[in-house]
Amino acid sequence: MATRDFVRAVRHAFLTLALVAPMAATAVQAANKDAPPNVLSAEARADIKALDLEVEPGIAHRLDLANPLHYRYILDTYKRAGKTPENSPQLFKTLENGRNLGLADLKKSGTQPLKAQAVSSENGPDGIENLNFIATFSQDNGATSSNTQAKALTATASQPGYQATGVSSVVGGTTASNIVMELYEVETGTVYASKSLSEYNQGTDFRVQVEGQVPSADGNSTTKAKALFYYFPKSAGPDGPPVMYTQTYQDTVNPTSACLDKPNYCVRDNNGNCTGSYQTSCTNTKANTTPIKLCWYRGSQGECDYWNPTAHPTNFVFPLSGSATFPNTVVNPAAGVTSIYLQNPTGGGCKVYFQQTGGLDPQYWKVDGQTISWSYPASAFPNTGNCIGYYDGTAANLWVIAYISLNGSSTQDPPFGTLNFTSDRSNIGVPGVSIIPPLYIMQGCLAEGTEITLADGSKRAVEAFTGKGGESVKSADGASSEVRGTTQGTEPHPMIRIKTDAGQNVLVTRTHPMILTNGLPAQARALRVGDELKTLEGSAVITSLTHEQYTGKVHNLLTQPYPTSGTYYAGGLLTGDANMQQALATVNSRPPLRSPAEIRATLPKEWLQDFDNDQ
């Protein structure tokens, strides 16, 4: 490798999280630029070098539009990406408005522009935060690139290839989002691969991946992945400022093998109950589409893999351990940065564990030659910012990402190794990324005393079921189903009381599934007055929905084998069982498929020209 003064200066590896969730292609409006190699001007290289002094690789940094350096960098990056005031007028108008607002604030306060601000390691007060960062960056020497220019260069087999993915996930979505991803050669000043995409009226899980082969003329130089993130909050008026982030990575080494063995599936007895021991195989090397179930505020040993039997846990209830082997020996004691995230695919996420600086904690990380291993007990993951409460009835993606310092040779500068485990299956096949199971946080139940209709038409309170056989309930379309299991616990959030014009009165948790007359399920929190629900007698119209704090026990039934969804009648209303609740949470975690015309119809008029030019 060529000399890397910067690498030597930064001896510790770096990390950031990725929260990439599957993205509906029809919801993304693309201005895709597969650009040819672009040698930067002396001025642009000077600005990038100056900005690199403000940012630490592997960590997203927020830019200040009132800072002249940041503003020039943003405009130059968009110019390389093919974004102009002519084809993206509203984007550039918001940039200028943001700059003018910032300059006015500086004049009023008499202060100087801010340098790039690193993303904090603390969650927001409600436990969730917006995410804008490079999710993956790794060598990709064997894959066939989708990048036009990179394909033309693949004949040079001796030159390394790289891929990098940028992710923007904003709580509540955005009016507009844009990501520019670049692969950049430090010594030559060449941007040899670039990709820019825009998305409108979504912004909860937006991903852009760039791939490329180092040009042969560049020799054995150093690649950086560079990302520029833009999003315009839905809460901002037409003249409000956008939010801008940047992040860089320096080339890394993929592990030759990787294993995550915890969290894992519980070993179950003949009755399907968790025995207290767990499978020991690597979850990333086998079929792992079945979620690992966590019971928070639910004490079901028969249903969940990890649970707290008495109350809502103070901290997270799952451990985490694994190992990875690299071509080089690992620096000992272990040095680097790591992050463990739970990502809610509806936008944003929570840091379960986050370490930006310093060596990796020796009580969790161990080095043996070329292999590094880690083992975190559940007690190591504090519940900061009510993160547990945020994942209410959610199929969440688990991300485990780390950048590890490796030893070089007498002719090689010290490299970095990358660890990347994710349950986001859109990353299947991405070099260096290992796919692990999702986590399902079990929530959603009925209040104690709710009457369930048995197969013979008689009634029984939901808490009276045992799930041990011999109990059948009436289900949809006149069928009957055996009760295969039960859950019980307490509910921290206000519950929803549903009243209908036919006299039904049922108290349920926010994520409990109710069946509409068209046969589709809906979480209780998504219901509206006037909706029609299926009942024992046919249908009923919702006349009232009120929220109530409830301190009693809540219960649910399992009426079909996993993963089949089941139904039963609760208080005379057709409702879904625990499997349906899980399936509904998974479906609700995906953005709706919308045509370009449907998206356009929801946009403010100021954004229509940008949108049309991106088609």
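What follows is calculated from the coordinates using simple rules that are stated; it is not laboratory data. All values derive from a computational prediction rather than experimental measurement. Cβ sites come from the backbone with ideal geometry, for glycine too, and all protein chains shown count toward neighbours.
Cut-off under 17 Å on the C-alpha distance; same-chain residues fewer than 8 positions from Lys286 excluded. Which aspartates and glutamates are left, in chain and number order?
Of all the aspartates and glutamates, those that pass the test against Lys286 - Cα under 17 Å, at least 8 places apart if same chain - are Asp261, Asp424.
Going by how many other Cβ atoms sit within 10 Å of their own, how do Asp614, Asp305, Asp261 line up, fewest first? Kindly include the intermediate steps, with their values, before the conclusion.
Working: Asp614 23, Asp305 26, Asp261 20.
Listing Asp614, Asp305, Asp261 from fewest to most nearby Cβ atoms yields Asp261, Asp614, Asp305.
Can you return the lysines within cross-link range of Lys293? Criterion is Cα-Cα under 24 Å, with same-chain partners fewer than 8 residues away left out.
Candidates past the 8-residue exclusion: Lys262, Lys351, Lys468, Lys553.
With respect to the cross-link table entries Lys93/Lys224; Lys79/Lys226; Lys115/Lys224; Lys79/Lys107; Lys83/Lys195; Lys474/Lys534, which display a Cα-Cα separation exceeding 18 Å?
Lys93/Lys224; Lys115/Lys224; Lys79/Lys107
List the aspartates and glutamates whose Cα lies under 14 Å from the Cα of Lys499, skipping any in the same chain that are fewer than 8 positions away.
Cross-link targets: Asp531, Glu532, Glu548.
Over the Cα atoms of the range 416-516, Rg to Rh with Kirkwood Rh, two decimal places? Mind showing how you got there, number by number?
Numbers: Rg = 20.1 Å, Rh = 17.2 Å.
Rounded to two decimals, Rg over Rh is 1.17.
Take the range 172-306, compute every pairwise Cα distance, and split them into 10 Å bins from 0; I just need the percent in each bin.
Distribution as computed: 10, 23, 18, 25, 18, 6, 0 percent.
Report the equivalent ellipsoid semi-axes for the range 446-588 in whole Å, largest first, defined as the square roots of five times the eigenvalues of the gyration tensor built from alpha carbon atoms.
Details: eigenvalues 83, 58, 45 Å².
Equivalent ellipsoid of the range 446-588: 20, 17, 15 Å, largest first.
Can you sort His493, His512, His61 so the residue with the fewest Cβ neighbours within 10 Å comes first? Don't jump to the answer; show the numbers that get you there.
On the way: His493 17, His512 30, His61 21.
Going from least to most buried by this count: His493, His61, His512.
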